[in-house]
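Trainee: Here it is, the structure, as structure tokens.
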Amino acid sequence: MTGRRIPALVLGLPRRSPAAAIGLLIVLGFVVAALARPLVWPFGPGAADASSELIGPSLRHPLGTDETGRDMLARVIDGARYAIAVPLAALVLGIALGTPFGLLAGLAGGLADRLLRRLAQAIGFIPPLLLALALVAAMGPSLRHVVLALGVLEAMFFARAMRDQVRAMHDSGFIEAAVAMGNRRRRLILVHLLPNTLAGIASEMPRRAAWALATLAVMGFAGIGTAAGASEWGAMVREGTNAMFTGQWWLALFPGLALLLLGFGLQLLAAGIADLTLRSPASRAGDLAGATR
Amino acid sequence: MERPGRTILRLLGIAAFVFLVIAFICFMLIKLGAAPPVVLLGGPNPMPEERAQLIAEYGLNQPAVVQFIRYVVRTLAGEFGRSWQTGATVADDLLARLPATLELMVYALLLGALIGIPAGVAAAFSRGRAEERTARGAGLVGAAMPSFLLALLLLLVFFRWLDLSPAPSGRLSVVLTPPPTITGSYFIDAILMQDAAAARSALGQLILPVLTLALLIAAQLTLQVRTAILMQLDTAHFAYARAQGMSRDMLTGIAMRGAAPSIWAAFCGQCAALLGTTAVIEYVFAWGGVGQYGLEAMSRGDFAVMQAFILLSAALSLLVHLMHAGVRRVARLRIRRA
Amino acid sequence: MSVVAELRGVSVELGDDDRRVAALTRIDLQVAAGQILGVAGESGAGKSTLARTLLRLVQPQAGTVLLEGNDITAQPERRLRRLRGRMTMTFRNPLAVLNPRMTVRALLEEPLRLHARLTAPARRAAVEALAERLRLRAGELELRPAELDAGRAQLVGLGRAIATQPRLLVLDEPTCELDTVAAAEFLALLASLRDSADMAIVLIGHDITALQPVADRIAVLYLGEIVEEGPTADLLRDALHPYSQALLSAHLPADPTRRGRRIRLRGEAPTPDDRTPGCGFAPRCPIAENRCRSGAPTPNQIGTDRRVACLRVLEGSSRIPLTR
Amino acid sequence: MLLDVQDLRVARRAPGPDANSDTASGPARGIGTALAGVSFRVVKGRILALVGEHGAGKSLTASAVLGLLQPSARVTGGRALFEGQDLLRMSDADLTRVRGARIGFVVQAGHTTLDPSARVGAQLMRAQSVHRAIVKAEAAWRAETLMSSMGIAEPRLRADAWPHELTPATVQRVVLALALINEPQLLIADEPTAGLDITTQVQILDLLYLELRRRRIGGIIITRDLGVVAQYCDDVAVMFAGQVVEQGPVSQVFARPAHPFTRALLATVPERLAIAGNLAFGGALPPAPDGCPYRPRCPEATERCTTAPPLVGAGVHAARCHFARLGAA
């Protein structure tokens, strides 16, 4: 797979992994919708209209309106900005913070590595969802804090993943060969270690984004860090919960379904990538051994 | 080979380290807070005497190190402070609410495993067929499903539309009085007290939250079990056994035995992370357990509760971790004995 | 003939602090320019450790490692790095040692980039010349490791090793994952290299007979010790150490008319963990005596340039009677 | 006649996107590995060697005969008559009764064949109960007896061991026992000693040889080692690019190789390897898609080789070459 060029990789994706292709399509769909909404949709997310409060789904308002007459479709699409930007920012932060740590720990080995591992293990005993919620609750509700809390937790994940990759790679042949060839440490890391370890981590990214998205939504739903934005999907579900039982089910349902769809897209993408990168080990053991049916 | 004394010492050392790290994080929650600690611990408008007491209790005018040591000592003594929302001590509040949460979690785990493990096994064995795609797709949808959305959807269908289940108003119909506490589970206690009405009501209230949690667990387990079994199916020894003409039952047995450690790890992983999801579900169903208590404390900034809740969640997953390691150790000893 | 690489009384221990295992014990070895030294031994004999010690990728606990007469035993890695163009090696598993993200061209270019001060066009030309020497096919320079089979990958590995015109080339079981045809081609290429480039080559393998076509001398390794060493022809004609004899007789001649009579050894090739006092081979040796289990034999000079570490060799009673 | 494979053809599609498909390693991915008409015979009590380079289709042939092809490959023609019955047209249920019972097999990398989570003895007993109703005590007794005749000391103790506790050579002995425990009429062994030390390799091969002879079992040994062929096999089939290019009794084929590929293969043997001359085997050249597949590497190729060569036979010795040199001596 390494030999292929990027365009060929993208064009060939539907054939090689339908799951990854559909997942990618869903995610990109949300991105495009969030960017293009002002151009194509007549209603804005904040435009209250007293004449059309709490209208059910109709042609004019496909997802209905809320109690102040705002168009739900506009609000849901507006929420996609948060649903995309916050996990993305958290992911970037997590990778930027986490990978250097993991790289250093993996390279150093020994005591430093053991200590960091124990530390990560200890922190890992707190369910990540609760830790993220607590961090935001402690720091106070603001978009920055939400990104920071999610980013720190992503960083812990990526540090650990990177560390494992480095350790595994360290024992693999081509690093030893590179040492035997007389590579400097810096070149060893930049040319040989980093590209290969990053490739190993890349497949985890959609799943981590899905985690950040879900956690963001729980924050919104529980009213923690609602400053993330009025049209954040979790917060919208929270607002619509009571209306759901009085008959206005669309208020909570559609933002919830948007969450589900985007999350599903990310999960599909992750599963597809895993399928593409993981080949069954037995298939390499020869035909007789590899035949499974 | 291993001296038990040394092993125990080592374990104690690790436990102490883990506790200190987690205590530090809980302690830091206050330091991260935007408001002064007195407000965080005593509520928006603490009385002057309350204020003085808090400062004395926590040593708030002393250096941070001293505060941390005090916090550790207090925590070890089981003192978690007072909730400014309920006015009671956090320890009492937690103890009163714990049975409700445990009841929910235990049933959900059992039901989740009962659905998820067979589904995962079936998915793996029907590799490449429609059944697998269905099970895997369902697993992925479940993995992407926001917990609160599933709860609301179930409520919408079974409570609002079909009117089959009671309102999400806690563990028991509001018109009934709870049975006296024996095990802490309203359902079991009601049965023990032969209170049919209470038992029926408790069961009715349980169904939807347990189902929600169980479905979420089952979705994850399906995916994890499927992967674990598939890895077994891809081994050369499995192919060999199949080629030797073993019956389907024997093959299933071989794959299950091989995958058992992974499945056990997946199950324990679900246990460890469960309190977070449970909190959200309790919140939706107004369950009145520790999860709802903790979540509301977080959204209102009741820091003493928040700290204790995080500690409790860590303690629970530490317990699960020990259970996981213990079983694995026993299983490995069984192998090594040969 | 100038000695290029030499080990003097080298001992290497591997493992962590809890458990140290003697991988090599008191190794004396010399290899001269223009010479191929074959090293034969079974798994656990210390072959790979020997290769890495020659290149000082492993720090020995005792003894001296010399490269072109210079003691490199205690050189810091920073200094060694500059020598790594003069002493190179190839590995057992040829595919695993190639960075999967680099093309064959980049892989061949790397040693030049590290050790030769060449301009980019000169380096390009050098890579092309190298490819021709290896008889790579058109387009193969642009492939990546995943698109190569073991034979081609080992060829690339060899190209990387000889790109900087080293003085010492160590080949760690280069043909063990190769087909017979690919292996034969590899050995033929190696022989032509020996004749054209004046370097010292250490060729490691697990079978004496497989080394025979190209090796000038052969050393037999057992449990981290050299039990016998001498010119290839002498050793093949008349192996003196019981283990060398057993190894030779275990070879299956590809000739149905030659039904070899075989020396049957007890048990399996041991790991260094199972090392017993006395001669390491004694537990499996068909002619071991009581003294073999107590005193470890030291290498004895036999004739002009053979060494054998066996107590019975001096009396001329080290030959095992053949039975079927 | 124990096994008569006639014109066996297997097509293989390029590995698809789904993770469960197989991946041929190296440049041969998807092409060239299919079988283009493989024929050979195994006689009761004789051992046939299947030799050739990696990717020539040796293992694929065995998989096809046993009905164990990967999903990406399928049989497109030919017959494989085992005691008169065509294995290729047998139902899966019938095939299951043949495999492991009447045909035993040893696969490459034997250590992966054993179930890591079951004791060795239990696996040997399990293999027996698959094919017949047997009392536990008898199954255990038979397992121990066979382990002992496979040269495993203290079989009762070893039967209680887990696979990871055994040395590679002992594992291989257990694997052999597993293949023989149901007293098959035919044994297919795919690289039975790959990865073993050479001193243990001969121990294992000696055992296998004696056991096959003693029980008058027909054997197919797939190997790349011509020494194994010369010393342990009666007949040989040389494969190249999915075809048998030469077959016959080992003594005749080794004495008078009729196909240029066989000659090249025999020239690689250490004792014969003439290093002095610059040997060009052309090992890296891919086989030709039409005509004689060996043409690109053949030093004797002519115009005629662009047409498919016929099978030229002289009695039991035959080769697929326009210029086959047969029976001259």
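The values are calculated or read from the model by the stated rules, or taken from the named source; none is laboratory data. Keep in mind that this is a model prediction, so the values were computed, not measured. Here the Cβ positions follow ideal geometry from the backbone for every residue, glycine too, while neighbour counts run over all protein chains shown. The area values use the complete protein model at the heavy-atom level, side chains included, leaving out ligands, DNA and RNA. Shrake-Rupley method; radii C 1.70, N 1.55, O 1.52, S 1.80 Å.
Trainee: In nm², what is the average projected area of the convex hull enclosing the Cα atoms of segment C:43-181?
Mentor: 9.6 nm²
Trainee: Inside 10 Å of the C-beta atoms of D:48-58, what's the mean count of C-beta atoms belonging to other chains?
Mentor: The mean count of partner-chain Cβ atoms within 10 Å per residue comes to 2.
Trainee: How many Cβ atoms of partner chains, on average, are near each residue of D:61-71 if near means within 10 Å of its Cβ?
Mentor: 5
Trainee: Rank-order B:20-31, C:194-205 by packing density, defined as the average count of other C-beta atoms within 10 Å over each peptide's residues, highest first.
Mentor: C:194-205, B:20-31
Trainee: Give me the distance between the Cα centres of segment D:36-87 and segment C:263-324, rounded to whole Å.
Mentor: Between the Cα centres of segment D:36-87 and segment C:263-324 lies a distance of 46 Å.
Trainee: Restricting the count to DSSP beta bridges whose residues both fall in the protein assembly as shown, what percent are antiparallel, rounded to a multiple of 5? It would help to have the intermediate numbers written out before the result.
Mentor: Values: 57 of 95 bridges.
Roughly 60 percent of the beta bridges in the protein assembly as shown run antiparallel, per DSSP.
Trainee: What list of whole percents do you get for P(r) of segment B:93-301, with Cα-Cα distances grouped in 10 Å bins up to the one holding the largest distance?
Mentor: 9, 29, 29, 19, 11, 3, 0
Trainee: So how many Å³ per residue does the convex hull of the Cα atoms of the protein assembly as shown work out to?
Mentor: Each residue corresponds to 224 Å³ of Cα convex hull volume.
Trainee: Here's something else I'd like to know. What is the P(r) of chain C, as percent of Cα-Cα pairs per 20 Å bin from 0?
Mentor: Answer for chain C: a P(r) of 31, 56, 13, 0 percent.
Trainee: As a check on your grasp of the helix formula, calculate [θ] at 222 nm for chain C: sum -39500 (n - 2.57) over DSSP H runs of n ≥ 4, divide by the residue count, round to the nearest 500.
Mentor: So the calculated ellipticity at 222 nm is -8500 deg cm²/dmol.
Trainee: Starting with the highest mean, order C:169-176, D:311-318 by the number of other Cβ atoms within 10 Å, averaged over the residues of each peptide.
Mentor: Those peptides, ordered most packed to least, come out C:169-176, D:311-318.
Trainee: What order do you get for C:41-54, B:91-104 when each peptide is scored by the mean count of other beta carbon atoms within 10 Å, highest first?
Mentor: Sorting C:41-54, B:91-104 by mean packing, highest first, produces C:41-54, B:91-104.
Trainee: Where the only charges are on Cβ atoms (+1 Lys, Arg; -1 Asp, Glu), what is the dipole of chain A about its Cα centre, to the nearest 20 debye?
Mentor: The dipole of chain A has a size of about 1300 debye.
Trainee: Sort out for me the Cα centre separation of segment B:131-161 from segment B:237-289, rounded to whole Å.
Mentor: The two parts, judged by their Cα centres, are 19 Å apart.
Trainee: Could you sort the residues of segment B:244-261 by number and keep only those whose accessible area is reduced by 20 Å² or more in the all-protein-chain setting relative to the chain alone, 1.4 Å probe?
Mentor: B:Gln244, B:Gly245, B:Met246, B:Met250, B:Ile254, B:Arg257
Trainee: Round to a whole angstrom and tell me the spacing of the C-alpha centers of segment C:76-139 and segment B:167-217.
Mentor: 72 Å
Trainee: Only Cα pairs within less than 10 Å get springs; with that Gaussian network setup on chain A, which residue of A:Arg185, A:Arg118, A:Arg163 has the largest fluctuation?
Mentor: Top of the fluctuation ranking is A:Arg185.
Trainee: When you look at the Cβ of every residue in D:174-182, what mean number of other chain Cβ atoms sits within 10 Å?
Mentor: 1
Trainee: Please give the calculated 222 nm ellipticity per residue for chain B, where each DSSP H segment of at least 4 residues contributes -39500 (n - 2.57) and the sum is spread over every residue; nearest 500 deg cm²/dmol?
Mentor: Result for chain B: -26000 deg cm²/dmol, rounded to the nearest 500.
Trainee: Could you give me the percent of Cα pairs per 10 Å distance bin for segment A:140-252, shortest bin first, beginning at zero and ending with the bin that holds the maximum distance?
Mentor: Spelled out bin by bin, segment A:140-252 gives 13, 29, 21, 16, 12, 7, 2, 0 percent.
Trainee: Using only alpha-carbon positions, what ratio does the radius of gyration of chain D give when scaled by 2.2 N^0.38 Å?
Mentor: Expressed relative to 2.2 N^0.38 Å, the Cα Rg reads 1.03.
Trainee: Of all the Cα-Cα pairs you can form in segment B:4-76, what percent are over 18 Å apart?
Mentor: Beyond 18 Å sits 49 percent of the P(r) for segment B:4-76.
Trainee: Can you say what percent of the DSSP beta bridges in chain C, counting only those with both residues inside, are antiparallel? Round to 5.
Mentor: 60 percent
Trainee: Per residue of chain A, what 222 nm ellipticity follows from adding -39500 (n - 2.57) for every DSSP H run with n ≥ 4, rounded to the nearest 500?
Mentor: -23500 deg cm²/dmol
Trainee: Based on the Cα atoms of segment A:83-291, what semi-axes does the equivalent ellipsoid have, where each is the square root of 5 times one gyration tensor eigenvalue, given in whole Å with the largest first?
Mentor: The equivalent ellipsoid of segment A:83-291 has semi-axes of 39, 22, 13 Å.
Trainee: Mind pulling the angle between the C-alpha long axis of helix D:120-131 and the longest principal axis of chain D? Nearest 10 degrees, somewhere in 0 to 90.
Mentor: 80 degrees
Trainee: Something else: Are there any helices in chain B, counted as whole DSSP H runs, that stretch 24 Å or more along their axis by Cα and score at least 1.0 on average by Kyte-Doolittle, and if so which?
Mentor: B:4-32, B:90-125, B:196-233, B:303-336
Trainee: Taking only Cα atoms, what is the 0 to 90° angle, nearest 10, from helix C:104-115's long axis to the longest principal axis of chain C?
Mentor: Helix C:104-115 sits roughly 80 degrees off the main axis of chain C.
Trainee: In degrees, nearest 10, range 0 to 90: what is the angle between the Cα axis of helix A:233-246 and the longest Cα principal axis of chain A?
Mentor: Rounded to the nearest ten degrees, it is 40.
Trainee: Still on this structure: Place +1 on the Cβ of every Lys and Arg and -1 on the Cβ of every Asp and Glu in the protein assembly as shown, take the dipole about the Cα centre, and give the residue among D:Ala169, D:Leu226, C:Ile320 whose Cα lies farthest towards its positive end.
Mentor: Looking along the dipole axis, the top candidate is C:Ile320.
Trainee: Do any cysteines of chain D lack a neighbour Cys whose Cβ is under 4.7 Å away, and which are they?
Mentor: Cys with no partner Cβ under 4.7 Å: D:Cys233, D:Cys298, D:Cys321.
Trainee: Sticking with this one: Past the 17 angstrom mark, what percentage of all C-alpha to C-alpha distances in segment C:94-163 do you count?
Mentor: So the portion of pairs separated by more than 17 Å is 33 percent.
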